[in-house]
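To start, the structure itself, in structure tokens.
The values are calculated or read from the model by the stated rules, or taken from the named source; none is laboratory data. In this text, all values refer to a predicted model and were calculated from it rather than measured experimentally. FYI the Cβ positions are ideal-geometry reconstructions off the backbone, even for glycines, and counts take in every protein chain you see. Side chains are part of the model used for accessible areas, which takes the heavy atoms of the whole protein and leaves out ligands, DNA and RNA. Shrake-Rupley method; radii C 1.70, N 1.55, O 1.52, S 1.80 Å.
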Amino acid sequence: MKLPLEYRWLKAHNFEGFTPWYIVEPEKSEGIRKEYQLETGKDIIPFARRQDNDDIAGFDIINGNPTSKVLTVHLTWSSKNESNGYPIIKTSENIFDWIKNVVIPATEDWMSEEDLEDLIDKN
């Protein structure tokens, strides 16, 4: 299954540095995918996760094919369809829209002088 060009482009350029979001390999994210399916009855190819909560991001699948549309999902990890407004799903037109409207604001909120010092010390 071929993922959208935008994802493959960012992956080839070592997409990183967007804490609290990090990339998860789609082929290693079957547990996340299965939970999404149980909670929504739909399918997704997960490619990112937020380290401080239960948010994941993935490509929406329509008719068995991944689309460029990115879904940001706050999973409940209940392994069932709650049908009470959960999971919370936010839609982005593509990965660049997702970076602009979901990732960058989270990264701006996450930044601190202390974390920057830790990052610099690691290098």
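Assess whether residue 4 counts as being modelled with pLDDT under 95, surrounded by 12 or more Cβ atoms within 10 Å (Cβ to Cβ) and over 29 Å from residue 115 (Cβ atoms). When the stated conditions are applied, residue 4 passes them. Within the stretch 20-30, can one find any residue that is under 22 Å from residue 119 (Cα atoms) and open to solvent by 30 Å² or more (accessible area, probe 1.4 Å)? Yes, there is a match, as at least one residue in the stretch 20-30 is under 22 Å from residue 119 (Cα atoms) and open to solvent by 30 Å² or more (accessible area, probe 1.4 Å). Of the strands (runs of 3 or more DSSP E) lying entirely inside the stretch 36-123, those containing at least 1 residues that are without any contact (Cβ under 8 Å) to a residue 24 or more places away in the chain, open to solvent by 70 Å² or more (accessible area, probe 1.4 Å) and not charged (D, E, K, R) span 55-62, 88-92.
Kindly indicate whether residue 67 is over 23 Å from residue 1 (Cβ atoms) and touching a Phe, Trp or Tyr at 6+ places or on another chain (Cβ under 7 Å). No; evaluated as a whole, the condition is false for this residue.
The residue list 104, 61, 44, 120 contains one member that is in contact with a helix residue (DSSP H, G or I) (Cβ under 6 Å, 6 or more places away or on another chain) and hydrophobic (A, V, I, L, M, F, W, C), which is 44. Return only the number of the condition from (1) in contact with a Ser or Thr (Cβ under 9 Å, 6 or more places away or on another chain); (2) modelled with pLDDT of 90 or more that residue 76 does not satisfy. The one condition residue 76 does not meet is (1).
Selection within the stretch 18-34: residues that are of a type outside the set (Val, Ile, Thr) and touching a residue at least 40 places away in the same chain (Cβ under 8 Å). The member of this set that is nearest to residue 62 (Cα to Cα) is 21.
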